[in-house]
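The values are calculated or read from the model by the stated rules, or taken from the named source; none is laboratory data. Because the structure is predicted, anything quoted here is derived from the model rather than measured. Please note: Cβ atoms are built from the backbone with ideal geometry, for glycine as well, and neighbour counts cover all protein chains shown. Only protein heavy atoms, including side chains, enter the accessible area calculation; ligands, DNA and RNA are left aside. Shrake-Rupley method; radii C 1.70, N 1.55, O 1.52, S 1.80 Å.
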Amino acid sequence: AGALFGSFVGASVASFKTPNLLEQADLIGVEKAKAKMPNFPRVVGSNAALFAGVGLAYSGGKCLAEGLTAQEHPINAGFGGALAGVALGLHKKSLTVMMGAATGLFVLAFAAEVNGPRFVSDPEKMKNKSIGLR
């Protein structure tokens, strides 16, 4: 799911960059405009890989925490969110982004795990759907 969403984001980013460059083609020349255009497969692929990696970090972190604690608890989701933030920081190669994203996603994932069942009419069905039991 992360790779699919990342592909959509990458396609959107590449699509919105291209018209600006086409408008500037008269001013800077067609060859320079073509050289500045984003490499569409690269932009789509890199965003797909980023979103897939962040989703993998979240899922892996949550499962790892559940395995270590041997219980289902909202802290596990927070740990997964923190690892997703670390993945974003590694992508940006910035310690401040890593710390901020890890903290923010920890809080967000924890809050979503605690409050998630309150927003649906059948919490048990949501739980079964999210962990794959049918």
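Structure summary
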read-out: Elements of type helices (runs of 4 or more DSSP H) in the range 23-134, at least 2 residues being modelled with pLDDT of 90 or more, among the small types (G, A, S) and over 25 Å from V9 (Cβ atoms); value: 40-69
read-out: Within the range 66-86, tally of residues that are under 18 Å from L108 (Cβ atoms) and either open to solvent by 50 Å² or more (accessible area, probe 1.4 Å) or not hydrophobic (A, V, I, L, M, F, W, C) (or both); value: 10
read-out: Filter result (exposed (fewer than 12 other Cβ atoms within 10 Å of the Cβ) and of a type outside the set (A, V, I, L, M)) within the range 94-123; value: T96, N115, R118, F119, S121, D122
read-out: Residue check for N20: surrounded by fewer than 18 Cβ atoms within 10 Å (Cβ to Cβ) and modelled with pLDDT under 90; value: yes
read-out: Pairs, first in contact (Cβ under 8 Å) with a residue 24 or more places away in the chain and β-branched (V, I, T) in the range 84-113, second surrounded by 14 or more Cβ atoms within 10 Å (Cβ to Cβ) and in a helix (DSSP H, G or I), C-beta under 6 Å, six or more apart; value: V86/M98; V86/A102
read-out: Selection count, the range 52-65, where residues are surrounded by fewer than 21 Cβ atoms within 10 Å (Cβ to Cβ) and in contact (Cβ under 8 Å) with a residue 40 or more places away in the chain; value: 4
